[in-house]
Amino acid sequence: MDITVNSTTLSLTRGDITTEKVEVIVNAANEGLRGGGGVDGAIHTAGGPSIMDECRRIGRCPTGTAVLTGGGNLSASYVIHTVGPIYSGGTRSEEELLQGAYHSSLTLAKEKGLKSVAFPSISTGVYGYPIKDASVIALKTTIDFIKENPNAFTLVSFCLFSDRDLAVYTESLRELTGS
């Protein structure tokens, strides 16, 4: 599903984020930037050791913030590593931290002049954030950012791992946009 917000295409697709044809992909990282499982492991495996070398030099990325590395062997030139919250029932500022992860990533991409960005569904794997709630936060934060920064991007894509994830994001986008 694609919609246009200002002049930016907001796209929902099912696929492998490591093969997305965009300038920058976003990694759902951990605070120590150590690599891991899920999308984090897939990005580090596909991108090769140069990404981990840069992550080691950076050192840390607090939850709700983002850092940038090169893309290594990926088709994307860059990777934005952001850390979403571990879900604890919504009692530990998880919503604000997840908003921060998306907003920080978009801000960093804009500052670097990167026009096409692909996101995974941050915090909805091993970090346990309920995907319906996370999808609304991700999409609303992104739409609001695009509206406030109308010429920042040509494409913001959500590359989702499963048909179920895509269906949840599609439903949330329809609810948010009334389409």
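The values are calculated or read from the model by the stated rules, or taken from the named source; none is laboratory data. What you are looking at is a predicted structure, and each value in this text was computed from that prediction instead of being measured. Positions of Cβ are backbone-derived with ideal geometry, glycine not excepted, and every protein chain shown enters the neighbour counts. The area values use the complete protein model at the heavy-atom level, side chains included, leaving out ligands, DNA and RNA. Shrake-Rupley method; radii C 1.70, N 1.55, O 1.52, S 1.80 Å.
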Within segment 42-57, take every residue that is open to solvent by 70 Å² or more (accessible area, probe 1.4 Å) and not charged (D, E, K, R) and give me the one that is nearest to A29 (Cα to Cα). T45
Do any residues in segment 20-38 that are open to solvent by less than 10 Å² (accessible area, probe 1.4 Å) have Cβ atoms under 6 Å from those of residues that are among the charged types (D, E, K, R), where the two are at least six apart or on different chains, and which pairs are they? N27/D40; A29/D40
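If I ask for residues that are buried (at least 22 other Cβ atoms within 10 Å of the Cβ), in a helix (DSSP H, G or I) and among the hydrophobic types (A, V, I, L, M, F, W, C), which ones from segment 118-136 would you list?
Result: A134, single match.
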How many residues of segment 118-163 are within 15 Å of E94 (Cα to Cα), among the aliphatic types (A, V, I, L, M) and in contact with a strand residue (DSSP E or B) (Cβ under 8 Å, 6 or more places away or on another chain)? The answer is 2
Could you say whether any residue in segment 101-117 is open to solvent by less than 60 Å² (accessible area, probe 1.4 Å) and assigned to a loop (DSSP other than H, G, I, E, B)? yes
Which one of these does F161 not meet: (1) open to solvent by 50 Å² or more (accessible area, probe 1.4 Å); (2) closer than 15 Å to I17 by Cβ; (3) of a type in the set (A, V, I, L, M, F, W, C); (4) touching a Phe, Trp or Tyr at 6+ places or on another chain (Cβ under 6 Å)? (4)
